[in-house]
Amino acid sequence: MNQLARTALVLAGAGAGAAVLRKAASARRRAREDGERWMVVTINRAPTDVMPHGDPPSPLDEFGDALEITVRPAPGDRGTELAARLREPASPASASLPSRLAGKDPRQGVRRALREAKSLLETGEVMLPDAPPTGRGDTVGGKVVGLASRRAGGEGVL
Amino acid sequence: MRALCWEGVNKLSVEQIPEPEIRNDQDIVVRLLLSTTCGSDLHIIGGYIPAMQPGDVIGHEFVGEVVETGSGVRRHRVGDRVVVCSFIGCGRCWYCRNDMWSLCDNTNTNPGIGQALFGYETAGIFGYSHAMGGIRGSHAEYVRVPFADYGAFSVPEGVDDLSALFASDSVPTGWMGADLGGVKPGDVVAVWGCGAVGQMAARASVLKGAERVICIDRIPERLAMTETYIGAETIDYTSTDVAAELRERTGGRGPDVCIEAVGMEAHSSGPGYLYDQAKHQLRLQTDRPTAVRQAVHACRKGGTVFVLGVFAGAVDKFPLGMVVNKGLTLRGAQMHGQRYIPMLLERIAAGEISTAHLATHTMSLDRAAKGYDMFKHKKDGCVRAVFHP
Ligand SMILES: NC(=O)c1ccc[n+]([C@@H]2O[C@H](COP(=O)([O-])OP(=O)(O)OC[C@H]3O[C@@H](n4cnc5c(N)ncnc54)[C@H](O)[C@@H]3O)[C@@H](O)[C@H]2O)c1
Ligand SMILES: [Zn+2]
Ligand SMILES: [Zn+2]
């Protein structure tokens, strides 16, 4: 290989390496940002119904001081925007796929509670799945779907 | 009790499962009288809709008798004969309040899966995968119905079970296509697909005053049925150039409203079919949009294309340029049944909409796997197989 080609390869390799590093850094930045982001649901009720005496609605009240909570009227007569985030931002590691699959991302509990609070305020109940379940995890596909379903209440893009 | 379970791609069997129970105060339990196949089930059976588990009970279009009510149920009593909307709506979120019931915020018990697929989750539906809640389906002896005050409707006296059955899903779906597609008196409407959904979209267009309604399919029994019971004209796409035929029948303009009621497993006669089918089977595209492409192509300038057929993900070679340059309105939706079912039951009672003819094959639940085989392969003129427990 001539000198030029070798230099080009080294540079290309370095470029790719730098790109990988840049990507990793931006992924870390995003994970940190995500940890601080508010999770929000819009509830089809007035702000005074959502936080009657300034107290967070059930089951968000169970988090005590661990959560920051805000409410504001939603535009266009759509009710109330209820937002919550952990005071102690979740570590970027907890947002990794394995930790989320294991149900160890603390934000899963917050998302679930936000959804439940919304459903309780709008309908008076949280719809439960059928019991006992009839779907089985005895195939690979079935196992994956079963795991995804167990986490689905706390996952998603709130 | 017995129930028809999905056991894997193209594998169905009747299994013994525990009876359902009331889980929430606003639930009822219904004893099935009749439950029917829907084209949407074929997408599940064929493995094109993901998120199914072996043992999942399928079926979502049904009529039954109330046998138990939760303490929060106001509008139903034990003994009521009810037709139940395939989509479950809570009745009180912003979407339900604005009559977009299939977008309900509170009935998909697996929101994370739906959000991963579509950005935002849709409402729950009976027997239609864990992405849509993993709720047990209706091909069984009993089924639990959540938010029953909003999703179960008493069947008027004088409407028999078989006629009421289709008010659960196919009639409101078809009606919605014509309604949200904006069909109005004087319009020319073209409908792709002469299954139950396409036929009902065509009938809705007739009742909304369309001057001509033209339906497209290839199956002779379905084309004949559409002419007899729906009062629409037909085109066999295997023997005719559909675009040219539509141009000729519409004075060179093209249809005002095009309703697609075929879905992601569309068939076609051109060489493009092999390309689409190969890509579909290799999962390089998740859906085959043959009929949607044709509808976009045929639609008049400034017209509307409404997609009723179910699509799950991404399609290839979509003629976006036609949408922009012809100034088309392109819409789609899963059915907002609660918005239409009471009105449709009245129309069925008044004889304005014929539905019982769709039930070409009625059989015991024990033979449901066989029924799906007939329905899927359109054997013996099957349009809908209907199961009684
Ligand atoms: N939007 C909703 O809420 C909703 C509700 C119910 C059903 N659906 C969907 O509607 C579609 C139709 O349902 P169905 O029960 O009538 O199904 P079906 O399988 O009985 O009917 C589909 C028809 O389309 C015809 N077809 C296939 N390729 C065609 C083509 N290229 N051009 C014209 N016709 C073609 C078939 O011959 C068949 O008669 C399915 O995709 C189903 O999932 C949607
Ligand atoms: Zn259906
Ligand atoms: Zn709702």
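Only one of the listed residues (B:LEU165, B:LEU180) is under 20 Å from the mean Cα position of the chain (by Cα) and surrounded by fewer than 24 Cβ atoms within 10 Å (Cβ to Cβ). That residue is B:LEU180. The set of residues from the stretch B:209-254 being open to solvent by less than 50 Å² (accessible area, probe 1.4 Å), touching a Lys or Arg at 6+ places or on another chain (Cβ under 6 Å) and assigned to a loop (DSSP other than H, G, I, E, B) comprises B:ILE219, B:TYR237, B:GLY254.
Restricting the stretch B:104-130 to residues that are out of contact with any strand residue (DSSP E or B) (no Cβ under 9 Å at 6 or more places or on another chain) and more than 9 Å from every other protein chain (Cβ to nearest Cβ), the residue that is nearest to ligand 3 (Cβ to nearest atom) is B:PHE118.
Where helices (runs of 4 or more DSSP H) sit wholly within the stretch B:256-340, those with at least 2 residues that are within 14 Å of ligand 1 (Cβ to nearest atom), closer than 23 Å to B:GLU245 by Cα and not assigned by TED's automatic domain parsing to the domain that holds B:SER86 occupy B:272-281, B:290-298. The set of residues from the stretch B:111-124 being open to solvent by 10 Å² or more (accessible area, probe 1.4 Å) and not in a helix (DSSP H, G or I) comprises B:GLY119, B:TYR120, B:GLU121, B:THR122.
Taken together, A:GLU155, A:GLU68, A:GLU81 contain a single residue that is open to solvent by less than 60 Å² (accessible area, probe 1.4 Å) and at the interface with chain B (Cβ under 10 Å from one of its Cβ atoms), which is A:GLU155.
For the stretch B:142-157, indicate whether the set of residues that are buried (at least 24 other Cβ atoms within 10 Å of the Cβ), within 16 Å of ligand 1 (Cβ to nearest atom) and assigned to a loop (DSSP other than H, G, I, E, B) is non-empty. Within the stretch B:142-157, not a single residue is buried (at least 24 other Cβ atoms within 10 Å of the Cβ), within 16 Å of ligand 1 (Cβ to nearest atom) and assigned to a loop (DSSP other than H, G, I, E, B). Annotation for the stretch B:84-101: at least one member residue is within 22 Å of B:ILE17 (Cβ to Cβ), open to solvent by less than 10 Å² (accessible area, probe 1.4 Å) and more than 10 Å from chain A (Cβ to nearest Cβ).
Applying the criterion of being within 15 Å of A:ASP105 (Cα to Cα) and free of Cβ contacts under 8 Å to residues at least 40 places away in the same chain to the residues of the stretch A:135-152, the residue that is nearest to the other protein chains (Cβ to nearest Cβ) is A:ALA152. With respect to being among the β-branched types (Val, Ile, Thr), within 13 Å of chain B (Cβ to nearest Cβ) and buried (at least 17 other Cβ atoms within 10 Å of the Cβ), A:THR123 fits the description.
All of (1) within 10 Å of chain A (Cβ to nearest Cβ); (2) free of Cβ contacts under 8 Å to residues at least 60 places away in the same chain; (3) under 15 Å from A:GLY135 (Cα atoms) hold for B:GLY47 with one exception: (3). None of A:PRO132, A:PRO89 is more than 11 Å from chain B (Cβ to nearest Cβ), assigned to a loop (DSSP other than H, G, I, E, B) and not aromatic (Phe, Trp, Tyr) except A:PRO89.
When A:LEU114 is tested against (1) in contact with a strand residue (DSSP E or B) (Cβ under 7 Å, 6 or more places away or on another chain); (2) facing chain B (nearest Cβ under 9 Å), only condition (2) is not met.
Does A:GLY103 meet the test of being part of a loop (DSSP other than H, G, I, E, B) and within 7 Å of another protein chain (Cβ to nearest Cβ)? The answer is no for A:GLY103. The residue pairs whose first member lies in the stretch B:142-158 and is modelled with pLDDT of 95 or more, whose second member is open to solvent by 10 Å² or more (accessible area, probe 1.4 Å) and among the basic types (Lys, Arg), and whose beta carbons are closer than 6 Å, counting only pairs six or more residues apart or on different chains, are B:TYR142/B:ARG31; B:ASP149/B:ARG74; B:ASP149/B:ARG75; B:VAL155/B:ARG81. Of the residues A:PRO56, A:PRO106, A:PRO75, which is surrounded by 14 or more Cβ atoms within 10 Å (Cβ to Cβ) and over 22 Å from B:THR109 (Cβ atoms)? Every option except A:PRO56 fails the conditions. Of the numbered criteria (1) under 30 Å from B:ALA312 (Cα atoms); (2) crowded, with 19+ Cβ neighbours inside 10 Å; (3) away from ligand 2 (no atom under 16 Å from the Cβ), the one B:THR69 fails is (1).
The values are calculated or read from the model by the stated rules, or taken from the named source; none is laboratory data. As the structure is a computational prediction, the values presented were derived from the model and not from experiment. No Cβ is skipped: glycine too gets one built from the backbone with ideal geometry, and neighbour counts run over all protein chains shown. Each accessible area value is taken on the protein alone, full model and side chains, heavy atoms only, with ligands, DNA and RNA left out. Shrake-Rupley method; radii C 1.70, N 1.55, O 1.52, S 1.80 Å.
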